[in-house]
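The values are calculated or read from the model by the stated rules, or taken from the named source; none is laboratory data. Remember, predicted model here, so these are calculated numbers, not experimental data. Heads up, the Cβs are rebuilt from the backbone with ideal geometry, glycines too, and the neighbour counts pull from every protein chain shown. These accessible areas exclude ligands, DNA and RNA; they are computed on the full protein's heavy atoms, side chains included. Shrake-Rupley method; radii C 1.70, N 1.55, O 1.52, S 1.80 Å.
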Amino acid sequence: VREKKGPLRAAIPYMPFPVAVICLFLNTFVPGLGTFVSAFTVLCGARTDLPDRHMCCVFWLNIAAALIQILTAIVMVGWIMSIFWGMDMVILASKYS
């Protein structure tokens, strides 16, 4: 069984494990902040599951995910999404490092 990822989910960068843990920590306490930080790792060369898209497009997809998390944190949806996003970052980092 192979999981089909949407564009936002596929834009999560493969980061070094310590950076992914820091992003999870940031996402836990300030929804969207870790996702915002992870967007800049794309500009530093972190790869994603979107190899056919330009680096700037993937950067803006991550910024959009961070904004969604920040704006919907008021109703708890963004906060929960932010924590799961951070957990996905850690899982990807542990799987591919």
Quiz item: Label points 7 Å out from Cα along the Cβ direction at Leu71 and Phe40: separation in nm?
Solution: 2.3
Quiz item: Over the chain, what is the relative contact order in whole percent, taking alpha-carbon pairs under 8 Å and six or more residues apart?
Solution: 40
Quiz item: Out of residues 5 or more away from Thr72 or on other chains, whose amide H comes under 5 Å of its own, with H placed 1.01 Å from N in the peptide plane?
Solution: Gly78
Quiz item: Could you give the accessible area per residue of the stretch 7-96, probe 1.4 Å, as a whole number in Å²?
Solution: 54
Quiz prompt | Listed residues Ile83, Val37, His54: farthest to the positive end of the dipole of the chain (Cβ charges) | solution = His54
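Ignoring ligands, DNA and RNA, what percent of the 1.4 Å accessible area of the stretch 7-96 is carbon and sulfur?
On the way: 3860 of 4820 Å².
Here it works out to 80 percent.
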Quiz item: Residue separation times 0.36 nm, minus the C-alpha to C-alpha distance between Cys56 and Lys5: what's the value?
Solution: 16.4 nm
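Want the number for Ser94 to Phe29: 0.36 nm per residue separation, take away the alpha-carbon distance, what's left? Please report the intermediate quantities before stating the final value.
Numbers: separation 65, 0.36 × 65 = 23.40 nm, distance 2.18 nm.
Gain on stretching Ser94 to Phe29: 21.2 nm.
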Quiz item: Can you tell me the Rg and Dmax of the chain, counting just the alpha carbons, in angstroms?
Solution: 12.2, 35
Practice problem: Per residue of the stretch 46-52, in order, report the coupling 6.51 cos²θ - 1.76 cosθ + 1.60 (Karplus, θ = phi - 60°) as ³J(HN,Hα) in whole Hz, putting x for Gly and Pro. | Solution: 5, 8, 9, 8, 10, x, 7
